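Accompanying notes for the structure given below.
The values are calculated or read from the model by the stated rules, or taken from the named source; none is laboratory data. As the structure is a computational prediction, the values presented were derived from the model and not from experiment. Note that each Cβ is placed from the backbone with ideal geometry, even for glycine, and that neighbours are counted across all protein chains shown. Ligands, DNA and RNA are excluded from the accessible area calculation, which covers all protein heavy atoms including side chains. Shrake-Rupley method; radii C 1.70, N 1.55, O 1.52, S 1.80 Å.
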Amino acid sequence: MTSLLAEFGAGYDFELDGYQLDACRHLVDGRGVLVAAPTGAGKTVVGEFAVHLALSQGRKCFYTTPIKALSNQKYHDLVGRYGADAVGLLTGDSTINGEAPVVVMTTEIFRNMLYAEIDHPDNDPLHDVEAVVLDECHYMNDSQRGTVWEESIIHCPSQIQLVALSATVANAGQLTDWIEAVHGP
C-alpha cells in the first residue's frame, strides 16, 4: 500500500506533510481518522486519499459536506481527478450519477440514507462503501444542525471507515474518543 500512497501523492504539486501521511497510513490500516488542522493546511488531501483508496479496492466512497455549494465544488474537483463516470452528486436539488463509486452529498442526505428502510440487500446504498468523509465535521457543534453529524456517526455501520475533517474543532481528543466509542477505531 505504500506504493498506493506514493502514487496518490504524485498527483499533487507539493509533498504531503507528515500529518497527512500519518492519517493516510491509518486509513490503509483500516482505521478511521479525525483530521483537525487549520484552514489551508491540506486536511482535504486525507479525504481525497480515502476516495483514492476505496477506488483502488474496487469499493465506494461517500464524501459529505454541510452545504450544497461545497458539495458542488467537491464534485467538480473529484470529476477533474477521476472523471465524470466515477463521481456522482446528491444534494436534494441535484442528482447526477448517484450510483457512481464516489458520491458527493450533503451530510443530511447521508444521514437520511442511514434511516431509509431497505427492502432488499441489493438496494442498500451503503453496499460496498469503504469510507465516508465527513468534511467540516465541526458543524456537530451547531445547535440547529449538529445532530445530523452525530446521527451519521452513530448510525454509520462500523465496518465503514469515517474520515472526519475540521478546521475549527477545539476538542479533537474528546471527539476522537467519542467516535471510537460509538463507531469503532
Residue in segment 133-143 that is of a type in the set (Gly, Ala, Ser), surrounded by fewer than 20 Cβ atoms within 10 Å (Cβ to Cβ) and more than 24 Å from residue 49 (Cα to Cα) present: yes
Criterion (part of a helix (DSSP H, G or I), more than 17 Å from residue 18 (Cα to Cα), open to solvent by less than 50 Å² (accessible area, probe 1.4 Å) and in contact (Cβ under 8 Å) with a residue 60 or more places away in the chain) met by exactly one of 50, 54: 54
Some residue of segment 72-88 being open to solvent by less than 60 Å² (accessible area, probe 1.4 Å), under 15 Å from the mean Cα position of the chain (by Cα) and of a type in the set (A, V, I, L, M): yes
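Run down 135, 142 and say which single residue is farther than 21 Å from residue 74 by Cα and not small (Gly, Ala, Ser).
Result: 142 is the single residue among 135, 142 that is farther than 21 Å from residue 74 by Cα and not small (Gly, Ala, Ser).
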Leading residue by the ranking (least open to solvent (accessible area, probe 1.4 Å)) among those in segment 144-173 that are assigned to a loop (DSSP other than H, G, I, E, B) and among the β-branched types (Val, Ile, Thr): 160
Cross-chain or 6+ apart pairs with Cβ under 9 Å, segment 158-185 first and at positive phi, then of a type in the set (S, T, N, Q) and in a strand (DSSP E or B): 184/161
Residues satisfying the stated conditions in segment 89-121, i.e. farther than 26 Å from residue 142 by Cβ and either surrounded by fewer than 17 Cβ atoms within 10 Å (Cβ to Cβ) or in contact with a His (Cβ under 7 Å, 6 or more places away or on another chain) (or both): 96, 98, 99, 117, 118, 119, 120, 121
